[in-house]
Every structure is written in structure tokens, then in C-alpha cells.
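Undergrad: Could you have a look at this structure, given as C-alpha cells, before my questions?
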Ligand code: G6P
């Protein structure tokens, strides 16, 4: 097993470091930089749907939330559903609704049930998966492979990043976007593997977590496409550290959970870009700071959050749709290093399975 880890202490760490390669594989042959266009051959037979419903579980559900955000910016209304809820209480399906199952393994029972339910109700289905010829890939009308390569660690890492990239490609391909904005996004996607390599090489997470080993709880906040990153940051943290962590839409914290915020609850704030969202998230950072919470900002330096943070985990400045991939890598390392310092079973966390084949 040690050989399989290529010198890394855990599969999770190895897979975190495999992400630049995984993303190159996922992007290969799918970007036309000159035209600023995205081409995904697998989607050739797919008509642009009027609405998209995502079904997914766990980490893949967070990727699906990101998918909703990218489709929304592309002008396609989309919603996401927990697969376990969808299967037993499906929403109405309109004409030309596409139901997308986001599932790394392609074998998650809840997701398969939801897709079968959607299919039985007449929806077209698409599997966004890593595993060639998996059940989801075989049963859906269409399949889009994320091309991450095999993932052994129970906690999903590189497959989440690959899902985010595949969903960005998916939304760009569906509406055949062109022009300056599209060219900028294609250039950012092209640069993403090397930007991610930079984050992995330069990350200071191992030092930062040492300051917070004995905290009462850990909160993660973000807005827009950084909201699913906050949720995923907290989920990863819970899965492998066994410590209490929660992710929130930054604006929601004040509607209840702020009551829990003290000097013993570090807040990881994902703040990128220079827009209304970033400014409002900084406002939320000030709210927790005023309650003595230590703030760890995951930021591209553009947002200007540094002055309110106790620690900064930097990412390169990039496109709004690629920033979440870089921010997430910092949070993967936060969870990993914290779990490592606490001596947890990182590759096989208690009570969890890589693929859950029961409903
Ligand atoms: C399990 C794993 C999670 C994963 C979820 C969905 O619960 O422990 O890490 O996110 O299944 O898996 P899928 O293969 O459908 O993406």
C-alpha cells in the first residue's frame, strides 16, 4: 500500500497533489483558446435544455451547487436536489428538463434512484462521473466524464476539483459562449492546473492549523460560487478530523449561528474577487471579528480582506469561476493537516465508505 502512495503519507495527500494532473486530463482537447470556446464532444447529441435539475450526495452535492451557479451565469435556470430527497419526492419535470446526476463513483444508490425516478418521469438524464462504464454512465442518456483518475482516499478531493471544472465546461458548452468574457474564462481554465500547483507548493496551511488545534468548533463561510466551497471545506474537515465544523452562506451566519461565535470558533472565510459579494463577505468577517473569532481568510488578495484576518491563505488571482477550485485546495489542506496533527485515520475515516450503495 505504501508503494501506491508514491511516497506520500496518505492517499488523500497524494490525491490532493495529483489535482493539477487531474485537471489537465479533464481539460484536454476541450478548450479552444483562440476562439474562447469550449468543446465537449460527449455533449454533441444534447439539445440545450430549458432547465437543469442536479441530483447528488455529499461532496458531489456541493459540486452540483457550484453547477447551479455556473449555469445561472450562463442564463440557464438550474436547481440542485439531494438525491435521497429527490428519489422519494421528485419535483415537477417540465419539457426539456435535463436531470444531471453528479456522482464520482457512478454507483451511489441514492443518486441512481433519483436518476431512475427522473427517467421514469420522462426527463433526459446525464451522468457526470469519474468511472467509465459505471452504473450511472450506463443507465443515463448522456455521460460526461470528469477524467480525474482513480481516487482511493474515502474523502473526495481531486474528483471534487475535476467536477467543478467539468461543470464549468458543461455550462460553457451548453450555451456556446463566445466573446471577451468567454476568452477570459478559457484562459483561466488553461492556467488552472499551474495555478493549483502554485497553491499546493506555497500553502502555509500546516503552520496555520497549529494555532487552532483545541478550538470548540470551526466555521466556514463564502458567497456565490464560494458558498459550496465553504460547505465542502466544512464537510472535509468533519469527515477526517471528527471535529465540529459547519459551512454557511456568509450572509446567513447572522441569522442564528452567530450565537455560537466566540474566541473559540475560528472562521475560515473564502473571499475572492473585487465585487459586491466580496465586499459583503468582508462585512460578515467584521461581524465575527467583533465577537473575537479568529479569522482565516482564503483569498486572492484582490478582495482586501487581509486587514481583518488573523491568518491569510493565499490563492492566485483568477476568474470568478476558477477561484473556487483554488480556494478549495487550501481548505483540503486545512482538513488534512488538522486531521494529521490530531492523529486521525485519514484515508479510512470511521463510519464512512467511499461509495454508499444502500439507500
Ligand atoms: C459517500 C462518500 C462521499 C461522497 C458521496 C457521494 O458518502 O463518502 O465522499 O461524496 O458518497 O459519492 P459519489 O460517488 O456519488 O460522488
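Undergrad: What is the Cα centroid distance between region 133-164 and region 216-275, reported in whole angstrom?
TA: The two parts, judged by their Cα centres, are 26 Å apart.
Undergrad: Bin all alpha-carbon pair distances of region 1-145 at 5 Å intervals from 0 and give each bin's fraction as a whole percent.
TA: Taking all Cα pairs of region 1-145, the binned fractions are 2, 9, 16, 20, 20, 14, 9, 6, 3, 1, 0 percent.
Undergrad: Oh, and also: With no solvent and one equal point scatterer placed on each C-alpha of region 48-94, evaluate the Debye formula and give log10 I(q)/I(0) for q = 0.19, 0.30 Å⁻¹, two decimals.
TA: Each listed q maps to, in turn, -0.58, -1.09.
Undergrad: Turning to a different aspect of this structure: Give or take rounding to whole Å, what are the principal axis extents of the alpha carbon atoms in region 208-359, in descending order?
TA: 42, 33, 30
Undergrad: Can you give me the P(r) profile for region 149-202? Cα pairs, bins 10 angstrom wide beginning at 0, each as a whole percent.
TA: Answer for region 149-202: a P(r) of 20, 43, 28, 9, 0 percent.
Undergrad: When a footprinting reagent is the concern and you count Cβ atoms within 10 Å, what order do 140, 57 take, fewest first? Provide the component values of the computation, followed by the final result.
TA: Numbers: 140 26, 57 20.
Exposure proxy ranking, most exposed first: 57, 140.
Undergrad: What nm value, rounded to one decimal, do you get for the distance between residue 141 and residue 359 when each label is placed 7 Å out toward the C-beta?
TA: A separation of 2.3 nm, rounded to one decimal place.
Undergrad: Using alpha carbon centroids, what distance separates region 300-318 and region 27-67, in Å?
TA: Here the two parts' Cα centres lie 29 Å apart.
Undergrad: What value does region 187-282 have for Rg/Rh, both radii from Cα atoms and Rh as Kirkwood defines it?
TA: Rounded to two decimals, Rg/Rh equals 0.99.
Undergrad: How far apart, in nm, are two points set 7 Å out from the Cα along the Cα-to-Cβ line at residue 48 and at residue 152?
TA: Taking the simple label geometry, residue 48 and residue 152 are separated by 4.4 nm.
Undergrad: Using only alpha carbons, build the gyration tensor for region 106-213 and give me the equivalent ellipsoid semi-axes, biggest first, whole Å. Intermediate results must be reported in sequence, preceding the final value.
TA: Working: eigenvalues 188, 102, 26 Å².
One finds semi-axes of 31, 23, 11 Å for region 106-213.
Undergrad: Given labels modelled 7 Å from the Cα in the Cβ direction, how far is it in nm from residue 312 to residue 279?
TA: Inter-label distance under the simple model: 2.1 nm.
Undergrad: Could you list 345, 134, 60 so that the one with the fewest beta carbons within 10 Å of its beta carbon is first and the one with the most is last?
TA: Values: 345 13, 134 22, 60 27.
Placing the least packed residue first, the sequence is 345, 134, 60.
Undergrad: Now for a separate question. Arranged by the count of other C-beta atoms within 10 angstrom, fewest first, what order do 221, 315 take?
TA: Details: 221 31, 315 26.
Fewest to most other Cβ atoms nearby, the residues stand as 315, 221.
Undergrad: Cα axis of helix 276-289 to longest principal axis of the chain: angle in degrees, 0 to 90, nearest 10?
TA: 40 degrees
Undergrad: Over the chain, what is the percentage of antiparallel beta bridges among all DSSP beta bridges, to the nearest 5?
TA: 5 percent
Undergrad: Which three extents, in whole angstrom, do the alpha-carbon atoms of the chain cover along their principal axes, largest first?
TA: For the chain, the Cα extents along the three principal axes come out at 53, 45, 42 Å.
Undergrad: Could I ask something else about it? Taking 41 Å as R0, compute the FRET efficiency from the Cβ-Cβ separation of residue 348 and residue 190 and round it to 0.05.
TA: Calculated transfer efficiency: 0.70.
Where a number appears in this text, it was derived from the coordinates with a stated rule and is not lab data. Given the structure is predicted, the values throughout are model-derived calculations rather than measurements. Cβ sites come from the backbone with ideal geometry, for glycine too, and all protein chains shown count toward neighbours.
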